[in-house]
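Everything below concerns the one structure shown next.
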Amino acid sequence: MTIHVSNKDIVQEDFGSKILGIKSKPDNEVCCDCSCGETTWASTTFGCFLCINCSGVHRSLGTHVSKVKSVTLDSWSLEEIRSMELWGNKRVNNMFESNVPSYYTKPIEEAPYEYRLEYITAKYIYQHFVKSAMPPPVPINTPLPNLTGSYKTTPKKSSTKKASQSLRKAEPNKNVGQVEFSGILNIILKRGIDMKPMNTTTNWLSDPYVILGAGPDFNDCMNIHPGQLSKSEVKRKTLNPEWNQRMCCCICSLDTDVIHIEVWDYDKLSAHEFMGEYHLQLCDLDILNQKDQKVNVCISLQSVERGCIELEISYHSLK
Ligand SMILES: [Zn+2]
């Protein structure tokens, strides 16, 4: 029996073994973005090897941002092979993670899609972890419509309370990488009700957004878990914003952790203004211990004369 093999097949088979060889190098053995899983996927745009979960996030960003290929199933061109050989995970991270702020941590193996998306977007699209780039004041779940304005503006607070200011001013945390999370809080930010009007010179409306973080002690900014701050979308010209936005954070303990919630008024040209805050003790929501239980919470914002926020919270144990 004769087997006819075309030149094309030979070339592709050669490249297939070549890419497997590059993938098996020690630097490329774990995912470039989460350091977990098997690197059976790759971004040919950045030249890095990825796990299946992070490759899904890269794919969702579009091929104009990151072109994803399977190491074993797809065919590879010579240029792509050269790019993977030239870069690889170590070199990519030396560049794109050369200056990761202390409040960001790499996604863990069980990290939800939202957190991977947030990290990968910050890493590659905004390049906030590149040494010369300006880091954002806090991690965000969803990019604000006007990125430059939002990142270059540091919120100014009218209240004298210090706890919430600390959300943005956390010093480098020496415990980065040592935090052991017990579970993930899935928080649906539903809506705001009768919030304070901030644009009093024009339309008596506000452009509210919410910052949310979890930690064991809201009086001590150092105790906010690194990477556990999320930022909602800005809702324009409203006192009754409808978000219905999912915001996740990992927590260490249902008994001692607190959710820190702040509302701010977005302003493209000047400092953002404070619209209220709340510290929600998770131990008060003991129903969270029940599997798949969702808790609806309506909080009256503190340090401000009016405004409520509605949340739906559920807890997913990692143990
Ligand atoms: Zn990964």
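Figures for the structure shown
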item: Qualifying residues in the range 78-105 (those that are charged (D, E, K, R) and in contact with a strand residue (DSSP E or B) (Cβ under 9 Å, 6 or more places away or on another chain)) - the one nearest to the ligand (Cβ to nearest atom); result: 91
item: Residue list for the range 200-213, filter: crowded, with 23+ Cβ neighbours inside 10 Å and either more than 19 Å from residue 303 (Cα to Cα) or not aliphatic (A, V, I, L, M) (or both); result: 206, 208, 209, 213
item: Options 66, 75, 60, 55: the member that is hydroxyl-bearing (Ser, Thr, Tyr), within 11 Å of the ligand (Cβ to nearest atom) and on the phi < 0 side of the Ramachandran plot; result: 55
item: Top-ranked residue in the range 16-30 [being away from the ligand (no atom under 16 Å from the Cβ) and surrounded by fewer than 17 Cβ atoms within 10 Å (Cβ to Cβ); ranked as nearest to residue 71 (Cα to Cα)]; result: 20
item: Verdict on residue 197 being modelled with pLDDT under 75, surrounded by fewer than 24 Cβ atoms within 10 Å (Cβ to Cβ) and not basic (Lys, Arg); result: no
item: Residue match in the range 236-258 (condition: outside any loop (DSSP other than H, G, I, E, B), farther than 24 Å from residue 101 by Cβ, modelled with pLDDT under 80 and out of contact with any helix residue (DSSP H, G or I) (no Cβ under 8 Å at 6 or more places or on another chain)); result: no
item: Search result, residues across the range 55-78 that are hydroxyl-bearing (Ser, Thr, Tyr) and assigned to a helix (DSSP H, G or I); result: 55, 60
item: First in the range 18-41 and over 16 Å from residue 97 (Cβ atoms) and of a type in the set (S, T, N, Q), second anywhere and within 11 Å of the ligand (Cβ to nearest atom) and in a loop (DSSP other than H, G, I, E, B), Cβ under 7 Å, 6 or more apart; result: 39/30; 39/31; 39/51
item: Residue that is nearest to the ligand (Cβ to nearest atom), among those in the range 34-43 that are under 16 Å from residue 123 (Cα atoms) and in a loop (DSSP other than H, G, I, E, B); result: 34
item: Residue in the range 272-286 that is under 19 Å from the mean Cα position of the chain (by Cα), at pLDDT 85 or above and in the same structural domain as residue 200 (by TED's automatic domain parsing) present; result: no
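For (1) surrounded by fewer than 18 Cβ atoms within 10 Å (Cβ to Cβ); (2) in contact with a helix residue (DSSP H, G or I) (Cβ under 9 Å, 6 or more places away or on another chain); (3) part of a helix (DSSP H, G or I); (4) of a type in the set (Val, Ile, Thr), each residue gets a yes or a no:
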position: 32; (1), (2), (3), (4): no, yes, no, no
position: 80; (1), (2), (3), (4): no, yes, yes, no
position: 94; (1), (2), (3), (4): yes, no, yes, no
position: 99; (1), (2), (3), (4): yes, no, no, no
position: 119; (1), (2), (3), (4): no, yes, yes, no
position: 123; (1), (2), (3), (4): no, yes, yes, no
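The values are calculated or read from the model by the stated rules, or taken from the named source; none is laboratory data. Given the structure is predicted, the values throughout are model-derived calculations rather than measurements. Don't worry about glycine lacking a Cβ; one is built from the backbone with ideal geometry, like all the others, and counts go over all protein chains shown.
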